[in-house]
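K.L.:
Next up is a structure, given as structure tokens.
The values are calculated or read from the model by the stated rules, or taken from the named source; none is laboratory data. Worth saying up front: this structure is predicted, and the values here are computed from it rather than measured. Cβ placement follows ideal geometry from the backbone for every residue including glycine, while neighbour counts extend to all protein chains displayed. When the accessible area is computed, the model is the full protein with side chains, heavy atoms only, and any ligands, DNA or RNA have been set aside. Shrake-Rupley method; radii C 1.70, N 1.55, O 1.52, S 1.80 Å.
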Amino acid sequence: VREIRSLLPQCMLQDRVRIERKLEGLQRRTRRDPDALRRLKNQASKSAALLRKRRRRRPRISYPESLPITAKRAEILDAVRQHPVVIVAGETGSGKTTQLPKICLEAGRGMAARIACTQPRRVAAVSVSRRIAEELGVTWGHEVGCRIRFRDQTVPETTVKMMTDGMLLAEIQGDRDLLEYDTVIIDEAHERSLNIDFLLGYLKQLRRRRPDL
């Protein structure tokens, strides 16, 4: 049990919480289950190895000088590091959609859990994820991936995951605390669709349970 607990801080966030819950359940039993403990230790070891791999493969980040948001990069980066909720407003074409996920990566997000970025439309989710992967110099579908209806182009090493807002809503049904993510970016929030309004309300409530989000 001590070995497993010592591994937990080095695990992916989602695994950390699930293993902790299973460990507490095992400890409440009158008899220990050695096989179950071994399985938990293996899960924790694999999760810790994945987190080390993700940190090693963290891409080098640069920003196009031609985009207006680049001039505000340091200010936004400081805001992300100091505040749990940040609202960024800017003109269309200023670079918010492609550069904010990179700023969050630079702020240290996306390692023990993913950065989720929502888009109202599937075509935008795919094209934006490809653009971010290209700018970071990584393989699309690996460090930067995309999930839309009937298509999941991600792997365990994926740090930035682009998706439709409807897809994130669907994921809430199976992961009510959104433990897969440490950062959620709701893009095009000004469109005020039913999906976006529901997500914003849900995330506001979720912040009480997850102050790290």
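K.L.:
Set Lys and Arg Cβ to +1 and Asp and Glu Cβ to -1, take the dipole of the chain about its Cα centre, and tell me which of Gln43, Leu168, Asn195 lies farthest positive.
P.N.:
Most positive-ward Cα: Gln43.
K.L.:
Which whole-angstrom value gives the distance between the alpha carbon centres of the stretch 112-141 and the stretch 17-43?
P.N.:
Rounded to whole Å, the Cα centres lie 36 Å apart.
K.L.:
Could you do me a favour and compute the accessible area per residue for the chain, 1.4 Å probe, result in Å²?
P.N.:
Normalised by residue count, the accessible surface of the chain is 58 Å².
K.L.:
Within the set of other residues whose C-beta is less than 12 Å from the C-beta of Arg176, count the net charge using Lys and Arg as +1 and Asp and Glu as -1.
P.N.:
-2
K.L.:
Where a ≥ b ≥ c are the square roots of the eigenvalues of the C-alpha gyration tensor, would you call the stretch 142-200 rounded, which needs a/c under 1.5, or, failing that, prolate if a/b is larger than b/c, or oblate?
P.N.:
Prolate, since a/c reaches 1.5 and a/b exceeds b/c.
K.L.:
Please report, in debye to the nearest 20, how large the charge dipole of the chain is about its Cα centre when each Lys and Arg carries +1 at its beta carbon and each Asp and Glu carries -1 there.
P.N.:
Dipole of the chain, to the nearest 20 debye: 1200 debye.
K.L.:
Please report the carbon-and-sulfur percent of the accessible area for the chain; probe 1.4 Å, protein heavy atoms only, DNA, RNA and ligands left out.
P.N.:
Taking all protein chains in place, the chain shows 49 percent carbon and sulfur surface.
K.L.:
Looking at the stretch 26-60, which trypsin sites (Lys or Arg not before Pro) are DSSP coil and have at most 15 other C-beta atoms within 10 Å of their C-beta?
P.N.:
Taking the stretch 26-60 and a limit of 15 other Cβ atoms within 10 Å, the loop trypsin sites (Lys or Arg not before Pro) found are Arg29, Arg31, Arg32, Arg57, Arg60.
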